[in-house]
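*Asks:* Take this structure first; my questions come after.
Read-outs throughout are calculated quantities, based only on the coordinates presented, and are distinct from any laboratory measurement. What you see is a predicted model, and the numbers here were worked out from it, not measured in a lab. Using ideal geometry, Cβ is built from the backbone for each residue, glycine included, and neighbour counts are taken over all protein chains shown.
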Amino acid sequence: ERVFLCGGTAKIPRLDEFLSRELGLPVVVADPIKNVRVTAPGVSEQYLKEISPLLPVCIGLAIRDML
């Protein structure tokens, strides 16, 4: 129904638009902290927004041994 882009390639400008046209599906850049309140002293909200698409990869690697 929908494709979520995450990781470093999610930062490629207009990749979501291109893939949406090619696949015929809605493509969105993942934002795993969209509904999470993050308290990180010394880290700006803008920086968190910039790195947010990279976090699913980090989270997945961190929890792989937990499953």
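*Asks:* In the range 17-67, how many residues are in contact with a Pro (Cβ under 8 Å, 6 or more places away or on another chain) and closer than 12 Å to residue 3 by Cα?
*Replies:* 3
*Asks:* So, in the range 33-52, exactly how many residues are more than 16 Å from the chain's Cα centre (by Cα) and closer than 20 Å to residue 11 by Cα?
*Replies:* Qualifying residue count for the region: 2.
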